[in-house]
Amino acid sequence: MSGPELLHPASKGDVVEAVRGAAADRRRLLVAGGRRHIDKGNPAEIDAELWTTQLDAIVAYEPAEMVAVVEAGVRLAELDAALAEGGQEWPHDAPPDATVGGTIAAGALSPRMLRHGHLRDTVLEVELVTGDGRFVRGGGRTVKNVTGYDLPRVLYGSLGTLGVLVQVALKLRPLPKARRTVIAETVEPIALGTALLDGVPLPVSVLAEPARVRVRLEGWPGELDEQTARVREVLASSGADGNVIDGDPSFPSERPWNEAPIVAEVAVAPSRVPELVPGAGTVWAAPLGTGLLWAGLQDAEELAALRERVAAAGGIAPVVRGPGGLGEGPVAAPQVHRRLKNAFDPQAILAPGRGWGGW
Ligand SMILES: Cc1cc2nc3c(=O)[nH]c(=O)nc-3n(C[C@H](O)[C@H](O)[C@H](O)COP(=O)(O)OP(=O)(O)OC[C@H]3O[C@@H](n4cnc5c(N)ncnc54)[C@H](O)[C@@H]3O)c2cc1C
């Protein structure tokens, strides 16, 4: 049996043509970037895959503006390298072979969000091709820009169900002058992590894992030394020790939970994370203070049990790797979601069934 047809548009015009052709024949399309989160979402039956990886131009980058305009298929490694030359970054923390468009459409959340905020807020402008082949632009290239509805936010996490992102404008931040990770082994990662969160001024991340806590610090060298002194005081008062690694560029440098057959991304109120850790599998990671918890699970049974407890805590647990879909998250105002889907993709050719609510 042959697989889905593969479409490789090389320009925005090619995307318009490809989507119009698919809409005319009612062929169902999956948009694919770097395929690192291609499992996320409910299963969708498709006839063709539209690959964005040839839309790979950095359209405009002026460091003084702190904005980059890039096509959606640009790989993150390439973006990072270009921005580093201007002394800046887009603080995504996703894998280097992922694409900008895929990272936005997958609704990526960064473990550094404690300090840098939600990546969603850095997407200033989007250009997309809707499911009926219309070219649409939303947002604007300045930070205070929105007239009308905020389309970049609608597209963030839309999993390729509303349109094909072809270009975006991203708000950037200066690269930190120094970076440091302090790793402390512990049998009580949540208690120690909470003490570090309370006791250290402005860490970028306090990542609790089954037998350790990793504290990420970024800023000026003197600032990091002061923060490190506080980390050491907190560790000493808990009877723990810390191993300092300087200058490691990516955080977290290893992600063992991603090796599990199923990875769920739990989102709850930050105060509810500790009660969910028992049952989050043998490999998990919680960037404390953000309400996130990545749980590495073995099978559907473990996932179902975790989801039950997450629902009781008022959160959601979509699977980001492996089988399991989005789960039974409550969809606020489902009729509005359905109308949005109808407005962007009237023939439902874009990953039908993939989104929350099954449309
Ligand atoms: C902190 C952090 C750590 C992560 N760690 C890992 C890791 O270790 N390993 C790993 O594999 N992943 C990891 N991820 C996930 C990773 O961010 C996403 O998988 C990735 O950024 C998605 O990009 P992609 O190009 O691979 O998208 P894809 O996987 O190709 O697509 C993701 C979704 O977006 C849709 N889509 C893709 N491109 C477009 C577009 N142009 N327009 C509309 N829809 C589109 C697809 O249909 C799909 O639904 C991590 C993410 C974060 C934030």
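Here is a yes/no grid of residues against (1) among the aromatic types (Phe, Trp, Tyr); (2) under 21 Å from MET66 (Cα atoms); (3) away from the ligand (no atom under 15 Å from the Cβ):
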site: ASP121; (1), (2), (3): no, yes, no
site: GLU125; (1), (2), (3): no, yes, no
site: LEU128; (1), (2), (3): no, no, no
site: ARG137; (1), (2), (3): no, yes, no
site: ARG141; (1), (2), (3): no, yes, yes
site: GLY160; (1), (2), (3): no, no, no
site: VAL168; (1), (2), (3): no, yes, no
site: LEU172; (1), (2), (3): no, yes, yes
site: LEU175; (1), (2), (3): no, yes, yes
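Can you find a residue in the stretch 183-204 that is at pLDDT 95 or above, within 18 Å of the chain's Cα centre (by Cα) and surrounded by 15 or more Cβ atoms within 10 Å (Cβ to Cβ)? Checked the stretch 183-204: at least one residue is at pLDDT 95 or above, within 18 Å of the chain's Cα centre (by Cα) and surrounded by 15 or more Cβ atoms within 10 Å (Cβ to Cβ).
Taken over the stretch 28-63, the criterion of being away from the ligand (no atom under 11 Å from the Cβ) and crowded, with 18+ Cβ neighbours inside 10 Å is satisfied by ARG28, ALA48, TYR61.
Here VAL69 passes the criteria (1) touching a Phe, Trp or Tyr at 6+ places or on another chain (Cβ under 8 Å); (2) within 6 Å of the ligand (Cβ to nearest atom) except the one numbered (2). Does ARG179 fit the bill of being in a strand (DSSP E or B), more than 11 Å from the ligand (Cβ to nearest atom), open to solvent by 20 Å² or more (accessible area, probe 1.4 Å) and free of Cβ contacts under 8 Å to residues at least 24 places away in the same chain? Judged against the criteria, ARG179 is not a match.
Scanning the stretch 81-114 for residues that are more than 8 Å from the ligand (Cβ to nearest atom) and over 19 Å from ARG216 (Cα atoms) gives ALA81, ALA82, LEU83, ALA84, GLU85, GLY86, GLY87, PRO96, GLY107.
The condition (being under 23 Å from GLY322 (Cβ atoms), out of contact with any helix residue (DSSP H, G or I) (no Cβ under 7 Å at 6 or more places or on another chain), acidic (Asp, Glu) and touching a residue at least 60 places away in the same chain (Cβ under 8 Å)) is satisfied by just one residue among GLU259, GLU265: GLU265.
Restricting the stretch 240-266 to residues that are among the β-branched types (Val, Ile, Thr) and over 25 Å from ASP198 (Cβ atoms), the residue that is surrounded by the most Cβ atoms within 10 Å (Cβ to Cβ) is VAL263.
Quick check on ARG307: is it within 14 Å of the ligand (Cβ to nearest atom) and either within 24 Å of HIS118 (Cα to Cα) or within 21 Å of the chain's Cα centre (by Cα) (or both)? So ARG307 does not fit the description; no. Against the numbered list (1) within 15 Å of the ligand (Cβ to nearest atom); (2) more than 17 Å from GLY33 (Cβ to Cβ); (3) of a type outside the set (Phe, Trp, Tyr), VAL200 comes up short only at (1). Put simply, of SER253, SER271 the only residue that is within 16 Å of the ligand (Cβ to nearest atom) and within 26 Å of LEU217 (Cα to Cα) is SER253.
With respect to being touching a strand residue (DSSP E or B) at 6+ places or on another chain (Cβ under 7 Å), on the phi > 0 side of the Ramachandran plot and not charged (D, E, K, R), GLY87 fits the description.
The values are calculated or read from the model by the stated rules, or taken from the named source; none is laboratory data. Quantities reported herein were computed from a predicted structural model and do not represent experimental measurements. No Cβ is skipped: glycine too gets one built from the backbone with ideal geometry, and neighbour counts run over all protein chains shown. SASA here: full protein model, heavy atoms, side chains in, ligands and nucleic acids out. Shrake-Rupley method; radii C 1.70, N 1.55, O 1.52, S 1.80 Å.
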